[in-house]
1. Trypsin sites (Lys or Arg not before Pro), restricted to region 51-87: which are DSSP loop and have at most 15 other Cβ atoms within 10 Å?
2. Hey, if we sort MET111, MET1, MET164 by accessible area with the 1.4 Å probe, largest down, what's the order?
3. Just the accessible area for LYS6, please: 1.4 Å probe, Å², rounded to the nearest 10?
Amino acid sequence: MPSNEKIQQILQLRALALAQELPAQEGRNEDIEIVEFILGCERYALESCYVTQVAEVEDITPLPCTPGFIRGIVTLRGEILPVIDLKKFFEVPEKELHGRNKVIVLQAGKMTFGILVDEVLGARSILATDIQSSLPTLMGIRKKYLKGITSERLAVLDAENLLMDESIVVDEQVAE
């Protein structure tokens, strides 16, 4: 149990974060195309400009000596792609997957990988002004990759941050 002084310090930091003015929303009335999906019991979305394909795959080949969030690799259209389990990466409660695995393939620059999702709900447009900045009380890994939340409680992930994160890249060399 933290001391009263520590609790007051935490509450003061949260109050300061909540009191900050939001950046001006002018010029953000454009539509954003998103791909909506489910992880566990929560709804998420990614900007479709980063999505190259959505596929159902039967087998994901596990890779030894990789972090727990790397589910394995798949072959899609002749290309071998790593697959990340966002539920493990974001620490979302596990839900039993039924049937085939659904993979959303993301790409930016030279980085390409798939993310494993429970269900793909489809693609649609939302207004950029509907995305409220992430909650100041949100901490950890989810805050880093969250672009914002809509009034429908849809968490819009920052795909560019996800694709450019060095901690996701596994570049282990084996000595010969």
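The values are calculated or read from the model by the stated rules, or taken from the named source; none is laboratory data. On a predicted model such as this, the values are computed, not experimentally measured, just so you know. Glycine also receives a Cβ, built like all others from the backbone with ideal geometry; neighbour counts cover every protein chain displayed. Ligands, DNA and RNA are stripped out before the accessible areas are found, and what is left, the full protein with its side chains, is counted by its heavy atoms. Shrake-Rupley method; radii C 1.70, N 1.55, O 1.52, S 1.80 Å.
1. ARG77
2. The ordering from most to least exposed comes out as MET1, MET164, MET111.
3. Counting only protein heavy atoms, the figure is 100 Å².
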